[in-house]
1. Using a Förster radius of 41 Å, what is the FRET efficiency between B:R149 and B:L179 based on their Cβ-Cβ separation? Nearest 0.05, please.
2. Helix hunt in chain B: which complete DSSP H runs extend at least 27 Å axially by C-alpha with mean Kyte-Doolittle at least -0.5?
3. Using the per-residue mean of other Cβ atoms lying within 10 Å as a proxy for protection, in what order, highest first, do the peptides B:23-35, A:218-230, A:145-157 fall?
4. Mind ordering A:179-192, A:196-209 by average Cβ neighbours within 10 Å, highest first?
5. Summing Lys, Arg as +1 and Asp, Glu as -1, what charge do residues with Cβ under 14 Å from the Cβ of A:D83 carry, A:D83 excluded?
6. Quick check for me: using +1 on Lys/Arg Cβ and -1 on Asp/Glu Cβ, what's the dipole size of chain A about its Cα centre, in debye to the nearest 20?
7. Pull up all non-local amide H partners of B:V150: gap of 5 or more, or a different chain, and H-to-H distance under 5 Å with H placed in the peptide plane.
8. Take every Cα pair under 8 Å in chain A that's 6+ residues apart, average their separations, divide by the length, and report that relative contact order as a whole percent.
Amino acid sequence: MIAFVLRRLLWAIPTLFAVVTLSFVLMRFTPGGPFNADQALAPAVLENLKRAYRLDQPLIVQYGDYLARLLQGDLGPSYSYRDFTVTELFARALPYSLQIGGAALVLALTVGVGLGALAAKRQGSALDAAVTTLAGLGVTVPSFVIAPLLSLVFAVWLGWLPAAGWGQGAFAYKILPVVALALPQIAAFARLTRAATIEALKADHIRTARAYGLPEWRVTAQALRAAGGPALSYLGPAAAALLTGSVVVETIFGIPGVGRYFVLGALNRDYALVMGTVVLVAVFIVAFNVVVDLAYALLDPRIRHD
Amino acid sequence: MTDATLAAPARRGGLGWRALGRLRRDPVGLAALGLLLAVAALCLVGPWLSPHPYDRVYRSYVLVPPSLQPYPQEATLEDALRSALARGRVELKSLSVYGDRFRAEIAGAEPIDPRVLRYVERADEFRNARLAETRDGGRSASLEGEVNRVRFLMGTDANGRDLLARILAGGRVSLAVGLLATLTSLVIGVAWGAVAGFVGGRTDDVMMRIVDVLYALPFVFLVILLVVTFGRNFALLFLAIGAIEWLDMARIVRGETLRLKRREFVQAARALGVSESRILLRHILPNMVGTVVVFATLTAPKVILLESFLSFLGLGVQAPLTSWGALIAQGAGSLQGAPHLLLFPAAFFVATLAALNVLGDRLRDAFDPKGR
């Protein structure tokens, strides 16, 4: 088991390294630069700026610089937010995204898996039909549509909740963004869990468990354990996506999270900010993939020997 | 002789044809297919039938709510004509409207220049205006013409453009994008996943590590780089988007391949001396058609959404051309005053995507060999 964990962690290092290298190269070969403003800068000013940020060095030197700093946990100065380092920007914005995303993740996992399992147990019932339909809709309707619709209904028409803003972290301000983020994921988890549980309930070991007279909830638990696979493999990307912020939801609800930095960084060719977001997301994804693989191994011992 | 004919000797045709046959007896699936075809046909033909070009700006009808009543409303006619005439320094004395025709008495300090008609024509409310008779040496006249009655079934946007026409024009873009990028992702994903899963070993390791690396790149970052690089070349851009949407497909196809290649029928085929490539093409790939189709129906909405997301950032379709996503983004910005700008495009969008999804589900059931 320990060997398995170590092997997965070791795989993570070259993956991260490849991601950093690839995006560094991609970013640099994209036309434009961080100082291409609407008003052209004087050549001397441009020279000085480039020198100040060491952009006048050969690419390989810059790459080495970046890696060396990265290993010390320094993401470098932002080019578009001139007075901040990327680390400072993230330190300020990440807590918002983590709060909203974490809450959405917990909500999506519990409600989604719960609904999916319930629907599978009562296959063919009205509840099953409702869950299937809603999950189908939820998978198709993106947060892009859900977020403004929620805002329209609950903030503009009913006036129950604030339409946007952070409100010093007041609970009411978080409800709509969390729900908007979670709904598509709830649908996805419910769908995956329902399909897998239906399959799992047909398995021989479930029939055996029933024959032994185990209480129904323990039979269901057994089936869920076998059915966890698809939901689990979806958990990795879902968690990384939720926790690193959604540009759409953060824009619509006016939340100062990290989501917008993805877009702003790439649009402004803010090399350091772009690389920072890449590293941030990559770390999340790789970390969650390792966690998911471990959970897989816990659920299904056969995997460890593969 | 293939295993398909062994399994069902009475029926002819390949797996796909029989699945379609089963879909034909499924009312829900057919309804979804019908809805999808209807939306596609509407978007394809609608813009030619619509009285409003999607980029025609009606300055007089900005943000009007959806209604069956034609515009202009009677009460606004007098003001509209008065202000149009005022630009030509001509005064409106009286206005009478009979059905679609109007007659106005006008007067000016100077003899009336017929060019004042241009101001009347330019107003969205009137057309075919002409000076019927002039009096007082041309200082007063009768103006005749037609009231230009137009309907905005779904209202207009903040620039006074007909929303229905824009939704239909945007639908063309969104559907074309969905189709193009999904096909691209399907081809790459299936080929990559099937080869990785079937060959296995070191090849599999390397191929899936590449997928992992691409996975770990933030998607938005890749897309924005692509947009910046490919610029405004629409088709190329969405081929490129399809070319990065294939990762999920590759993973799923690989998983299915791994599962299928251990099955008895593959061993049987191998024992009968069927070549490796034929096993993959004839025995493994057809068995995952259902999974692939279902996943493709999940990819299409994702791609359509991605395009809309880019439009939202101002990187996608360029104005005045539009797409459903761009329309929804505009609607999301004007919830307070004009919810119809969000509701109608969202309804088209959701209906199309839901139909795609239901169709995918039903197709999967139709392809499922257990349901035979």
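All of the numbers you see were taken from the coordinates with simple rules; none came from a lab. From a predicted model like this one, the values you see are computed outputs, not experimental measurements. All Cβ positions, glycine included, derive from the backbone under ideal geometry; neighbour counts span all protein chains shown.
1. Values: r = 38 Å, r/R0 = 0.92.
In this case the efficiency is close to 0.60.
2. Values: long enough: B:27-49 (31 Å, 2.14); B:163-199 (52 Å, 1.75); B:289-312 (34 Å, 1.65); B:340-367 (40 Å, 1.13).
In chain B, the long hydrophobic H runs are B:27-49, B:163-199, B:289-312, B:340-367.
3. Working: B:23-35: 15.0, A:218-230: 18.9, A:145-157: 20.5.
Those peptides, ordered most packed to least, come out A:145-157, A:218-230, B:23-35.
4. Values: A:179-192: 25.1, A:196-209: 16.1.
Highest to lowest by the protection proxy: A:179-192, A:196-209.
5. On the way: positive: A:R82, A:R92; negative: A:E88, A:D270.
Net of charged neighbours comes to 0.
6. Details: 23 positive and 16 negative charges, 150 e Å.
Dipole of chain A, to the nearest 20 debye: 720 debye.
7. It is B:Y71, by chain and number.
8. Details: 354 pairs, mean separation 82.2, N = 306.
Taking the mean separation of contacting Cα pairs over the length of chain A, I get 27 percent.
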